[in-house]
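See structure below.
The values are calculated or read from the model by the stated rules, or taken from the named source; none is laboratory data. Keep in mind that this is a model prediction, so the values were computed, not measured. Cβ sites come from the backbone with ideal geometry, for glycine too, and all protein chains shown count toward neighbours. Side chains are part of the model used for accessible areas, which takes the heavy atoms of the whole protein and leaves out ligands, DNA and RNA. Shrake-Rupley method; radii C 1.70, N 1.55, O 1.52, S 1.80 Å.
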Amino acid sequence: MRQLKGKPKKETSKDKKERRQAMQEARNQITTIVLPTLAVVVLLIILFVYVATRPTIA
């Protein structure tokens with residue numbers, strides 16, 4: 001039977017499995033890419049503030 005335009009198709013078990021796998025991959029990318037990158041950015045900001053505000057010995 002033809003699918004009418006505008007109506008969402010019913011999700012099959014294969015579609016559910018693919019969607020779950022994509023969500024799992026996204027979670028893995030968060031822990032392997034986003035968190036280390038965020039940590040590096042925070043450390044750079046802390047380092048910049050430390051260097052900019054340390055007292056100079058003349």
**Prompt:** Taking a probe of 1.4 Å, how large is the accessible area per residue of the chain, in Å²?
**Reply:** 107 Å²
**Item:** Where trypsin sites (Lys or Arg not before Pro) in DSSP loops with at most 16 other Cβ within 10 Å are excluded, longest remaining stretch of the chain
**Value:** 11-58
**Message:** As an exercise, identify the GluC sites (Glu not before Pro) in the chain lying in DSSP coil whose Cβ has no more than 13 other Cβ atoms within 10 Å.
**Reply:** Glu11
**Request:** Enumerate the lysines that Lys17 could reach by cross-link, defined here as Cα to Cα under 17 Å, with residues fewer than 8 away along the same chain left out.
**Result:** Lys9
**Helix-only CD estimate at 222 nm, as mean residue ellipticity for the chain, using -39500 (n - 2.57) per DSSP H run (n ≥ 4)** = -21000 deg cm²/dmol
**Fill in**
Where a ≥ b ≥ c are root eigenvalues of the Cα gyration tensor, a/c under 1.5 meaning rounded, otherwise prolate if a/b exceeds b/c and oblate otherwise, the chain counts as prolate
